[in-house]
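The values are calculated or read from the model by the stated rules, or taken from the named source; none is laboratory data. It should be emphasised that the depicted structure is a prediction, and the values quoted were computed from it without experimental measurement. Methodologically, a virtual Cβ is constructed for each residue, glycine included, from the backbone with ideal geometry; neighbour enumeration extends over all protein chains shown.
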Amino acid sequence: MKRFILTIALLIAARSIYAAPVSLTDLLTRFKEANYALIYSTSLVQESAIVEWDGEVSLKSLEQSLRTLGLSLHRIERNLWTIERAPPAEAVPAEDHAAARIPAVRIDNIVVTASRYEVQGMDGASRHQIDEGSLNETPSFAGDSLRIIHRLPGAATLGISSKPNVRGGSSDELLVLFDGVELIEPFHLRDFQSMFSSFNPQTIQNIEYFTGGFPAQYGNKLSGVLDIATQDTFTSSGGELGLSAFSTSALLFTEKGQNRWMFSARRGNLDNLLNVVNPRLGHPKYHDLYARYTRDFERGTLKLSAFRFSDDIVFTSDEASASSKVDNQYVWMEWETNLSPRVYSRTFFSVGDIDSTRLGDTFAEDRSVGSLIDKQTLNVTSIKHLQEFKVNNRLRLEYGFTYRDLEMEYDTSIIVERSIVAEVLALPVFVDESFKAKFGGHSSSAFLTTKYQFSRALTVQMGLRYDRQNYSKAGSQISPRVAMVYELGQDWRLRFSYGRFYQPQAIYELETADLESEFSRPQKSDHWIIAADWQAGPSLRLKAEIFYKRIDDLKPRFENLFDPYNFTPELEPDRIVIRADKAYTRGIELGLVGTYGPYDWNLNYSFSQVRDHEAGRWIDRRWDQTHSLNALLNWKPGQWIISLAGAWHTGWTLTQLPTTIPADGSFEVPAYRSNSRLKNFATLDAKISYELGLGNTSLSFFLEITNLVNRANKGGIDYEIILEDGFYELEEIDLEPVFPLVTNLGVIWRF
């Protein structure tokens, strides 16, 4: 209750000034930073002009300010506007604003603003901007548009999980923010490789994706950040209804005066597909709901949001069965305001509740016989404040804090008798354990970032972050970060960054099904990045990065040595624990982005290596992929959009054991782990869409094909083992495949 009262007090205390003179440069910068996409000519829009602004970041406020210059705002698409000369009836008389009149001249230079992130992109972070168009046009498995991040440099994937391994990191090292609020495991089929993201792509306006060196604002994760901004600038009422093989969705939005509403609902159709293809496999049901109300006030903007994503999954086979019931609910409030033309702030108050129950049974005598019951309940209450202060044209400060109150309850029971494989690996054969505990505490953080432009060419950003947790022995962490950007003329940009990053084990991350009962100390990582960008022309951009990441104080990591794709991996006989004391990842990433007429394309290549140091040996991680290549081509003839995307990378590592092992000898897993590799991974994906206009509405038809050539990519291995004459005799019996050719046919009605 105290935190709620404090939040309300902060919101009430927020202030913005009434109409005051500001330069058009400052005004447009503020709207760019607030995710308003604007197109205008620098010949028409003289940024040195002075306008009156009431401090409100809204379309109505912007229109009023532009009107004093004889300009008007015109909508092109849902989130795209042009600034144009107002018709004669709208223009302000010359005697009132003579100094601000704009002469009629030919348009020489067009400025396009996409989001506040691009304005703030002058730092050394490894970042990628993804807009709404790219999400909808890029081929993706089962329509999961968020998988576009798999096609960017630094992502390691076999295409099963929606969560990538970012620059060698584990899949739990990715921070996901949705409209500024951190979400915990926002994926459907969370307990089955997290196959789908929980976001309706039609609600997303843009994504800022960091793969390293991210600013001090972001913390508590070692490898990456996914910062998702939703649509928030509708100027009329409308919506979309979508139906495809994998999902059914609805999106409704409306704007009336100072009020805006948006509602999104999706239901997965995977259960219906299985009823047709293989009803014995199970009944995976999942859905997500998102609603937001926005109200523009004279002194700021209030947003009230609710997000719910749930799973009710059942899978069965001849050897095992598993079920997962997960219910995630988040409610939050955001107050966004301009305290002055130089000060901008956002304050959040959020509550999250997550309940999950996972059951697993295995009855394959040649592998394991046993069961798992794993129940977890998490409650999170959080307050977060971010503020930006533009001291002058050269110096900008960003600072803020986050406080989270946490309650976590575990109730886990595992009983299993594992097969002879566990004996070979010197692992426990019989397990009968229970764990029940309740933890409470808080985590807090604060950060300060300064960005100073020393000269036209050199900008330096320095940041410091402080984090603290009290629910374990984690204590506190201090993370310094520094970045420099040097511009060589208008075409070349050189970047350098160094940063320290910590990832404390979260209160909800105890692997109780693997008999983990105590929290590990925070993992630590240092990132070094050197990069160069070259704008080789108006339609061609090249980018190169060299990175090195050292990781210390690693927490234990649990993996299945041979086949990671099981219903209940903790019950399998090849479940091992990796206790590395340090690790590193290093690599080079090259990217090429271009356009030519109706075509746009990109090509990127990565060379990388990621290794753990365990038992005195440097060992490749499972997801080490030395070489990777991604290519994307979009062709837009008329109402058609035709996209092809290809991916190829070195096969992930594989553990192969000797064919004969003495039964009375000592076996050390690290001596064999990752001693071989799977066949190289390759896939070609396609998407074809056509939009048919129907008055004020339209129908968009699309066909997505994943793994177009039906390549048999492999993901794991299986063994048959017998004990004979004091020796274990091993025979490799199968290489487990991942996805075959998958099609997704659908239609979207926009109105």
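Side notes on the structure shown:
- Residue among Glu298, Glu334 that alone is in contact with a Lys or Arg (Cβ under 6 Å, 6 or more places away or on another chain) and either in the same structural domain as Trp53 (by TED's automatic domain parsing) or farther than 30 Å from Ser368 by Cα (or both): Glu334
- Candidate set from segment 430-447 (those that are surrounded by 15 or more Cβ atoms within 10 Å (Cβ to Cβ) and of a type in the set (A, V, I, L, M, F, W, C)); member that is nearest to Thr377 (Cα to Cα): Phe439
Residue-by-condition table, conditions (1) buried (at least 20 other Cβ atoms within 10 Å of the Cβ); (2) under 29 Å from Leu464 (Cα atoms):
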site	(1), (2)
Tyr344	yes, yes
Ser350	yes, yes
His385	no, yes
Leu397	no, yes
Arg418	yes, no
Leu427	no, no
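- Restricted to strands (runs of 3 or more DSSP E) entirely inside segment 105-218, those with at least 1 residues that are more than 26 Å from Phe547 (Cα to Cα) and at pLDDT 95 or above are 174-178.
- Residue within segment 664-673 that is surrounded by 18 or more Cβ atoms within 10 Å (Cβ to Cβ) and in contact with a Leu (Cβ under 8 Å, 6 or more places away or on another chain) present: yes
- Considering (1) surrounded by fewer than 16 Cβ atoms within 10 Å (Cβ to Cβ); (2) not in a strand (DSSP E or B), the lone condition that Thr254 does not fulfil carries the number (2).
- Checked against the criteria, Phe567 counts as in contact with a Gly (Cβ under 8 Å, 6 or more places away or on another chain), crowded, with 21+ Cβ neighbours inside 10 Å and farther than 29 Å from Trp492 by Cα.
- Exclusive hit being buried (at least 20 other Cβ atoms within 10 Å of the Cβ) and either basic (Lys, Arg) or at pLDDT below 90 (or both), set Lys687, Lys679: Lys687
- All of Ile507, Ile546, Ile530 fail the test of being touching a residue at least 24 places away in the same chain (Cβ under 8 Å), β-branched (Val, Ile, Thr), outside any strand (DSSP E or B) and assigned by TED's automatic domain parsing to the domain that holds Pro737, apart from Ile507.
- Some residue of segment 672-690 being touching a residue at least 12 places away in the same chain (Cβ under 8 Å) and more than 30 Å from Leu629 (Cα to Cα): no
- Test for Asp405: is it over 17 Å from Asp179 (Cα atoms) and modelled with pLDDT of 95 or more: yes
- Looking only at segment 567-618, and only at residues there that are within 28 Å of the chain's Cα centre (by Cα) and of a type in the set (Val, Ile, Thr), the one that is nearest to Glu516 (Cα to Cα): Val577
- Every residue from segment 360-409 that is among the polar types (S, T, N, Q) and either part of a strand (DSSP E or B) or free of Cβ contacts under 8 Å to residues at least 24 places away in the same chain (or both): Thr362, Ser368, Ser371, Gln376, Thr377, Asn379, Thr381, Ser382, Gln387, Asn392, Thr402
- Among the residues of segment 448-494, those identified as hydroxyl-bearing (Ser, Thr, Tyr), surrounded by 14 or more Cβ atoms within 10 Å (Cβ to Cβ) and within 24 Å of Phe389 (Cβ to Cβ) are Thr449, Thr450, Tyr452, Thr459, Tyr466, Ser479.
This table checks each residue for (1) closer than 30 Å to Asn634 by Cβ; (2) within 26 Å of the chain's Cα centre (by Cα); (3) not in a helix (DSSP H, G or I).
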residue	(1), (2), (3)
Ser674	no, no, yes
Lys687	yes, yes, yes
Gly693	yes, no, yes
Phe702	yes, yes, yes
Val709	yes, no, yes
Glu720	no, no, yes
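- Segment 564-600 - residue that is small (Gly, Ala, Ser) and in contact (Cβ under 8 Å) with a residue 24 or more places away in the chain and, of those, nearest to Asp612 (Cα to Cα): Ala583
- Lone qualifier among Ser497, Ser539, Ser517 - being in the same structural domain as Thr211 (by TED's automatic domain parsing), closer than 30 Å to Arg358 by Cα and either buried (at least 20 other Cβ atoms within 10 Å of the Cβ) or at pLDDT below 95 (or both): Ser517
- Just one residue in the set Asp271, Asp172 is over 15 Å from the mean Cα position of the chain (by Cα), charged (D, E, K, R) and at negative phi; that residue is Asp271.
- Checked against (1) at pLDDT 95 or above; (2) out of contact with any Pro (no Cβ under 7 Å at 6 or more places or on another chain), Gly463 passes all but a single condition, namely (2).
- Extreme residue, modelled with the highest pLDDT, among residues of segment 337-357 that are of a type outside the set (S, T, N, Q) and in contact with a helix residue (DSSP H, G or I) (Cβ under 6 Å, 6 or more places away or on another chain): Phe349
- Qualifying residue in segment 470-481 (condition: without any contact (Cβ under 8 Å) to a residue 12 or more places away in the chain, more than 16 Å from Gly219 (Cβ to Cβ) and either assigned by TED's automatic domain parsing to the domain that holds Lys555 or among the basic types (Lys, Arg) (or both)): no
- Search result, residues across segment 703-735 that are without any contact (Cβ under 8 Å) to a residue 40 or more places away in the chain and either hydrophobic (A, V, I, L, M, F, W, C) or not assigned by TED's automatic domain parsing to the domain that holds Asp366 (or both): Leu708, Val709, Ala712, Ile733
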